[in-house]
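This report concerns only the one structure given below.
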Amino acid sequence: MAEARPSTPPVLATYGLTRNFGGLVAVRDVSIVLRQGELHAVIGPNGAGKTTLVNMLSGEIRPTAGRIELMGRDVAGAPSWRMTGLGVGRSFQRTNIFASLTVLENVRLAVQAVSASARHLLREVSRETVLIERAERALQHVGLADAAPRVAGVLSHGEQRQLEIAMALASGPKVLLLDEPLAGMGPEESQRMTALLKGLAREHALLLIEHDMDFVFAVADWMTVMAEGTVLAEGRPEAIRANTAVQDAYLGGHV
Amino acid sequence: MPPPAPAPLLEGRELDTYYGQSHVLRGVSVRIGAGETIGLMGRNGMGKTTLIRTLVGLVRARRGSVLVDGEDVTRLPTFAIARRGIAYVPEGRGIFASLSVAENLAIAGRGGPASGASWTAARVLELFPRLAERLTNRGDQLSGGEQQMLAIGRALLTNPRLLILDEATEGLAPIIRDEIWKTVALIRSTGMATLVVDKTVAAVTAIADRIVILVKGEVVFEGTPAALKANPELMHRHLGV
Amino acid sequence: MGRGDLALPPTTDRMDFPGLLAQLLNGVQYGLLLFLIASGLTLIFGVMGIINLAHGSLFMIGAYVAFLVARQWGSVWLALPVAVAAGIALGLVLERGLFRHFYAREHLDQVLLTFALILLFEEARSLLVGNDFYSVPVPSLLDFSVPITAGFSYSAYRFAVIGICLALALAMFWWIERTRMGAVIRAAAEKPEMVDVLGIDARRVHMAVFAIGTALALVAGVLAAPLYSVYPNMGDGFLIISFVVVVIGGLGSVSGAFWSALVIGLVDTLGKGYAPKLAGLAVYVLIRAAHMIPRGTSGLIGLGLAATLLAVLPLLVSPYYVELGTYALISAMLALSLQLLVGCTGLVSLGHAAFYGLAAYTVYLVTPASRGLSILVTLPLAVVVAGLAALVVGALSLRTRGFFFLMVTLAFGQMLFFLFHDTKLGGGTDGAFLARPLLSIFDWQLPLSRRQRPYAVYYVSLVLLAAMYLGLVLILRSLFGRVLEGIRVNEHRMQALGFDTYRYKLAAFTIAGMLAGVAGHMWAMHRGFVNPELIGWHRSAEALLMILLGGLTTLHGPILGALAYTALGEVAQLITERQLLVEGLVVLFVVIALPKGLSGIALPRILRRIAPADPAKATVAGAGPNG
């Protein structure tokens, strides 16, 4: 894989990242680099360790070994709330929203998490117009502005996925980690999401886990293939498509 | 004059179903004959899952009726409809997370409707060898693909005449999806009728005898896959292809 | 109100080794008995979603079966097969005849139904056996003590109870974990719909669960009779403790019920087995009833009306009721302070009364024997001490979650309880009197006669309660309050959004502790007396009951709940025995004849309209089909 990658600066890099669960090694010695303006897709069969990798990058679980460098600083083991504060936003594989709160409140909480000063904590929410405006902008960004007053639990599945992304965006992250953003979406919703993600990739370092191969090959700038916890291959989509090891392990007849 | 057709295995007539205030099904009629494979398609929120839940008795239609072998089962409890040979694998798989694989299979096992080769635990494990290796694992310790296999295997153990699969390939890796589709084809070849809800247009049209498309609680298309493919405008508008 | 007292064996003051061993064995034996009751409760709730308040009455029936059989034939042993047979038969009749028709009904209807059963069972007991206490002899075969060490021996009958309970527990586990029907039961508790989809007739499962659960409750009653005697309403105390067991063990979990029953049995026994003063049967009737009333509607009118009513109440009633009203207001403050944790943040603490009691003891400790201090001194002091204690306890306990959080808060509460119970710091077991705080500024004191003073305390309590309510409304509307709500709905997601939820929870815990301190201070001012029971976990459980009674999602709920709870205690005393029969039949008739139950008629709708605003708005529960 002698191919040159775009030379934008690395935003997040891992070195020898490893995680054991009891005797099971879920992720073994994974080193990847996320760059500004690059859409980096991680693919692999179920149980390859993709979600565990994302969970380590977002601080949900601590790595057993290895480093995570965010703009040159080792942040491995920082809890998730600190990772968000440092500029890592994520969405979840299973839609993870506040189902009983309104759409606007979902996003407003996300904005508040990183920007409300302690002095304002006891002020009434409706007076915090700055927070609300920023939340509305994030909703506009993903095309959910009209749904703002609705209760999040009654949104359609696709809309809930969009809301997930609005919540990740609301904290103004530098790195976006998206775990299967297309799961359960129909073709049309997928197209809208594709356009949205392409736009987001220009402004963020974007890491994506996805099973929809057509989509992945269409949008990814760089790909990492994982199997059994390790990196099987990485490279540009064309190179991955041609890689026989990858075909055997994962793609099957889909190439 | 053609001879009178035998009563379909499962039929919904003019079904109207509501969730609270919202009118989800609007006079939907569907017929599934013995051994037939139907692909039910349409975008999210168009009423596919509600139609299935109405057919199996989990949701009560406000108007219209459900018939099995021509007999009205509209007011029967779900378990009675299931015992007439209707198996349902819901979206999200519906496996019992706190039960082991063996237990999940064991509670479904029951004699089939007399005739034909019946599905046994051994035959299910032959179909899905991966489950055999995980018999003592809890349902929530399985991967997504294994969970789906368990859900299908469990449904087969009830020895149904019709298998309903709602989004069986959702969220699975491509090779696992292929495996599921192969399984569906195999089940179909045994003469069991299937009703498949899925978003993968290519896979559904490849396997189905007939396609039904729901839009906003109404049937907008019913016909063969060939007829559907001959109408790209329809494909584009309702399936986004 | 000592009706539900559990007559546990007397304990020695000093905990030498044999004493401790005896206590541990007693705790294990009591816990296992609780398990027999709680396992039926938890299965019936887990599989059928029924809250069976009459389960305690089934236990009582078992005890009376033992009494009657022993009186008739002179042996308790015969009562065991009788209880098993009667329990299975009764369970089948109840399931087929009554409960089956209530699975799909609202909780209110279920509660009324089971309440009616309690009344009828009690009435039948009263007609057949009367209302006296009876002791039941320990079977002569086991009427001896087993020597353990030199100088210490332990009752053979209690050993036998432990053995029988363990055998039954093992049989339960085998049934639930190893048989096909057990698998179906677990499956039905997890996803009832899928059991149906697989073609399994759930009705047979229901009948089996009900029959076994009922038989176990009766057997528990038989085993308990020689230990605790038999007496009217003896099921109440066991019922409430069993509910605590079920909640802590996880609804529907038999193994959870086993471990939590053991823990509760040990905690309760080692806590010197003092009585569960939680008032009995009538309480649960209104638990769900009050749930229906205030949910989610608006109107300052309602609040104003309620406040006005409370404000003019002392002018309308006798001094006795003014004192009772003050006590209700204090309870309301305690429940309201706990609501900040339970309803607003989703933290269920079993040690909340510790801060309440500690505040009362603070007043006692700072007050000179001769003369009370000004409230302007005692109130801030009490609040600060309670708040500091909450800060420390919260800092240590909030690292844990769920079950462990319950246990840790319980443990801290009990530690404090023993501090005052076992030392002379605050008068020991008996408590102590104190000079009540005065309504004074510097040397000027509000001139109150002895007769006027209770009225003054009432109004001070009312003003403090109103201030607390308004303060919490403002807090919930603030950014801080929204974070608490987010934590309640989905804490994990809040962390992923970037909130250090621990700090917010700690702040809420501390504020709640300070507010409980206000209530505790007012208790000291109201009664002029402190005792360790103020701190004990039964007081915490009482506060939780008030919240359940009033509603989990609102701020006015706990206030209503506390008022109703206090009123119920009074009403219960007025009801004579024969009225129970009439009442039971009336309730039964209403539940069966009015399919919508009492909730269907106009009264709740009116109340709904005047109920004050719901600060924790937007409680649309179910997500969409994909959620």
Centroid-to-centroid separation of the range B:47-76 and the range C:481-523 [C-alpha atoms, Å]: 47 Å
Could you please state, rounded to a whole Å, how far the C-alpha centre of the range C:413-457 is from the C-alpha centre of the range C:316-352? 18 Å
Expressed as a fraction of 2.2 N^0.38 Å, the rule-of-thumb size for a compact globular protein of N residues, what is the C-alpha radius of gyration of the range B:65-169? 1.10
Just from the alpha-carbon atoms, what are the Rg and Dmax of chain B in angstroms? 17.6, 58
Output the 0 to 90 degree angle, nearest 10, between the alpha-carbon long axis of helix A:129-142 and the longest principal axis computed from the alpha carbons of chain A. 40 degrees
Using the Kirkwood radius over C-alpha pairs as Rh, can you work out the diffusion coefficient of the range C:457-557 via Stokes-Einstein at 20 °C, viscosity 1.002 mPa s, in µm² per second? 138 µm²/s
Too long at a 26 Å Cα-Cα cut-off: which of A:K50/A:K198; A:K174/A:K198; C:K191/C:K505; B:K182/B:K229; B:K48/B:K229? C:K191/C:K505
Report, in degrees rounded to the nearest 10, the 0 to 90 angle that the Cα long axis of helix B:144-157 makes with the longest principal axis of chain B. 80 degrees
Note to self: C-alpha centroids of the range A:102-158 and the range B:194-239 sit apart, in Å, by 39 Å
Of all DSSP beta bridges having both residues in chain B, the percent classed as antiparallel (nearest 5) is 55 percent
So, with points 7 Å from each Cα along the Cβ direction, the C:F144-B:D16 label distance in nm works out to 8.0 nm
Report the calculated FRET efficiency for C:V366 and C:L21 (r = Cβ-Cβ distance, R0 = 51 Å), to the nearest 0.05. 0.80
Per the rule of 0.36 nm per residue minus the C-alpha distance, extending C:A456 to C:S153 adds in nm 103.5 nm
Global geometry of the range C:180-269, whether rounded, prolate or oblate, following the gyration tensor of its Cα atoms and the 1.5 cut on a/c: prolate
Pair B:T136, C:L391: separation of 7 Å Cα→Cβ label points (nm): 5.3 nm
Equivalent ellipsoid semi-axes - Cα gyration tensor, the range C:17-291, angstrom: 30, 21, 18
Charge tally for neighbours of C:A395 with beta carbon under 11 Å away, counting Lys, Arg as +1 and Asp, Glu as -1, is +3
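Coordinate-derived values only; no laboratory data. Just so it is clear, the model here is predicted, and its values are computed rather than measured. Methodologically, a virtual Cβ is constructed for each residue, glycine included, from the backbone with ideal geometry; neighbour enumeration extends over all protein chains shown.
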